[in-house]
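The block underneath contains the structure these notes are about, expressed in structure tokens.
All of the numbers you see were taken from the coordinates with simple rules; none came from a lab. Keep in mind that what you see is a predicted model, and the values were worked out from it rather than measured. Don't worry about glycine lacking a Cβ; one is built from the backbone with ideal geometry, like all the others, and counts go over all protein chains shown.
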């Protein structure tokens, strides 16, 4: 159900609260057909729900269900692994995780240095770092640019 | 690097200490070509190492590197999620995890009921449950049967 590169990226975006079809397309880099197929599958598996936010044109927003949100520990474990093994030494994490209660940044293992204990993901707040925010803005701008250059590009296929 | 169904299954097998090409083939159900391609990729990414255990015929065993072993928390998080959301109520977990120090079975969140604390994965011991052991034996038997019925089937392609 989750052993697919695109599905993992989609779930990460939804955990960040980014749920509109076009935002998902811009940030994951998936084609609209690939994205639509993955969303359909995730919906059939009960991980996400679809909500219409516009009727003309028909536009949808996708939200995680409880089952989908519960994948957060998987994403956090993947993040900790990626930060440790796949990045140049000294580079900042793409996302910073904070303990809501005391606003302290957590370590990669999910421990709070202030409270000196592991923190459950439901007590965490995510904040993309400056470098990743810049990259995300660039992706959003590129996507708008591409659509302007190619207005016939189908943006959101009928689900 | 890990957003692929087969790669996740291969890593799970290697974490269980099952590293021979033919065992991986039998337990994952991948064709030899698919398996060989994934192993090559995992080796190039530094997650696994190849060791020859026979020269005639050439046969290899695959082992996780430190980088590969460090995916254990990801696999454990996926397992906890799968046990909670994807199984009929009351069904036993496929694998039981024990705290090495006190031999108590851990809960799905990795907490030891005896020591009343979360346990690091390096302090854990995995033990497939009876039902999964039976399934694994059946898969191994089926695989041997298939090879007997089709002796020309290429078993372990040259890496």
- [ ] Mind checking which chain A residue has its Cβ closest to the axis relating A to B, and how many whole Å off it is?
- [x] A:77, 2
Task: Packing-based order for B:14-20, B:139-145, A:77-83, using average beta carbon neighbours within 10 Å, highest first - done: A:77-83, B:14-20, B:139-145
- [ ] Round to a whole angstrom and tell me the spacing of the C-alpha centers of region A:101-140 and region B:48-118.
- [x] 26
- [ ] Kindly identify region A:72-131 as rounded, prolate or oblate by the Cα gyration tensor criterion: order the square roots of the eigenvalues as a ≥ b ≥ c, call it rounded if a/c is under 1.5, otherwise compare a/b with b/c, prolate if a/b is larger, else oblate.
- [x] prolate
Task: Copy-to-copy label separations for residue B:55, where each label sits 7 Å from Cα toward Cβ, in nm and ascending - done: 7.8
Open item on the list: Per-residue Cβ counts within 10 Å, from other chains only, averaged over A:110-119: what number is that?
Closed with: 1
Task: Calculated [θ] (222 nm, deg cm²/dmol) that DSSP helices of n ≥ 4 give over chain A, each run adding -39,500 (n - 2.57) - done: -13500 deg cm²/dmol
TODO: Run through the other copies and list how far each one's label point is from that of residue A:142, in nm with one decimal, shortest first; the point sits 7 Å from Cα along Cα-Cβ.
DONE: 4.3
Task: Peptide B:74-80, shielding by other chains (average Cβ, 10 Å cutoff) - done: 5
- [ ] With a/c under 1.5 counting as rounded, go ahead and sort region A:44-145 into rounded, prolate or oblate using the C-alpha gyration tensor (a ≥ b ≥ c being the square roots of the eigenvalues; past the cut-off, prolate if a/b is larger than b/c, else oblate).
- [x] oblate
Open item on the list: Quick check on region A:5-67: take the gyration tensor over C-alpha atoms, sort the square-rooted eigenvalues as a ≥ b ≥ c, and tell me if it's rounded (a/c under 1.5), prolate or oblate.
Closed with: rounded
Task: Nearest-first distances (nm) between copies at residue B:124, label 7 Å from Cα via Cβ - done: 1.6
Open item on the list: Just checking the output field for A:122-130: average partner chain Cβ neighbours within 10 Å of each residue's Cβ?
Closed with: 0
Open item on the list: Given R₀ = 22 Å, what would the calculated FRET efficiency be for residue B:49 paired with residue A:41, taking r from the Cβ atoms and rounding to 0.05?
Closed with: 0.05
